[in-house]
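**Q** Can you keep this structure in mind? I'll have questions shortly.
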Amino acid sequence: MAPTYSIKSKIYIKTLKAYYLALAGCNGCLPPLKRALNHLPITLVREPHEADIIFVTGLLTKASIDFCKRLFKGLVQPYSVIRIGTCLAETAPGFLKPETNSALAARMDKFFPIEMEIKGCPPSAKDIIDRLETFLAYFDITPEITKMIEKRLDRQVFDE
């Protein structure tokens, strides 16, 4: 994680790189995630091996298990997996559970380590920001960033 210089705040900010993995689903979690990332020191990258964080949304189907295993096996640096949305959570509706739908595999955390989950269908950008701020505190990206985020949130109106 190389620090980048922010001209607006005149401080050094550590930025994290994230990869967005969309499995089978409606893709409804992407807009609030992108909106939330505008307020956080996290940038999306195109290649998973560049990422510090892997955001996962959608359902883990039997057809996508091999792809996911290859993807996660190819990652060499330490990374964190953050599950977004209700699809991958225990609280998913009955037809989205592997026991009742033969196309679905078992829950994601049986195959890959999940560090954090952000529930909602889709989760609001505010919920994503709140959960990711907690996550960023672990990386010691705190006081200046929190002030910067609060200023942006005061001016920003989120569509719920």
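The values are calculated or read from the model by the stated rules, or taken from the named source; none is laboratory data. Since this is a predicted model, take the numbers as computed values, not measurements. Please note: Cβ atoms are built from the backbone with ideal geometry, for glycine as well, and neighbour counts cover all protein chains shown.
**Q** What is the one condition in (1) over 14 Å from the mean Cα position of the chain (by Cα); (2) surrounded by 14 or more Cβ atoms within 10 Å (Cβ to Cβ); (3) modelled with pLDDT of 85 or more that ASP109 does not satisfy?
**A** (3)
**Q** Could you give me the residue pairs with C-beta distances under 6 Å whose first residue belongs to the stretch 68-87 and is in a loop (DSSP other than H, G, I, E, B), whose second residue is surrounded by 12 or more Cβ atoms within 10 Å (Cβ to Cβ) and among the β-branched types (Val, Ile, Thr) wherever it lies, and which are 6+ apart or on separate chains?
**A** Taking only residues 6 or more apart or on different chains, the pairs are TYR79/ILE54; GLY85/THR57.
Conditions (1) of a type in the set (D, E, K, R); (2) at pLDDT 85 or above; (3) out of contact with any helix residue (DSSP H, G or I) (no Cβ under 6 Å at 6 or more places or on another chain); (4) surrounded by 17 or more Cβ atoms within 10 Å (Cβ to Cβ), marked per residue:
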| position | (1), (2), (3), (4) |
| --- | --- |
| TYR12 | no, no, yes, no |
| ARG35 | yes, yes, no, yes |
| HIS39 | no, no, no, yes |
| ARG46 | yes, yes, yes, no |
| ASP52 | yes, no, yes, yes |
| ALA63 | no, no, yes, no |
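**Q** So if I check each of GLY85, GLY25, GLY58, which one is modelled with pLDDT under 80 and either within 21 Å of PRO113 (Cα to Cα) or buried (at least 16 other Cβ atoms within 10 Å of the Cβ) (or both)?
**A** The unique qualifying residue is GLY25.
**Q** Test ARG131 against the stated conditions and say whether it is of a type in the set (D, E, K, R) and modelled with pLDDT of 80 or more.
**A** Yes: the conditions hold for ARG131.
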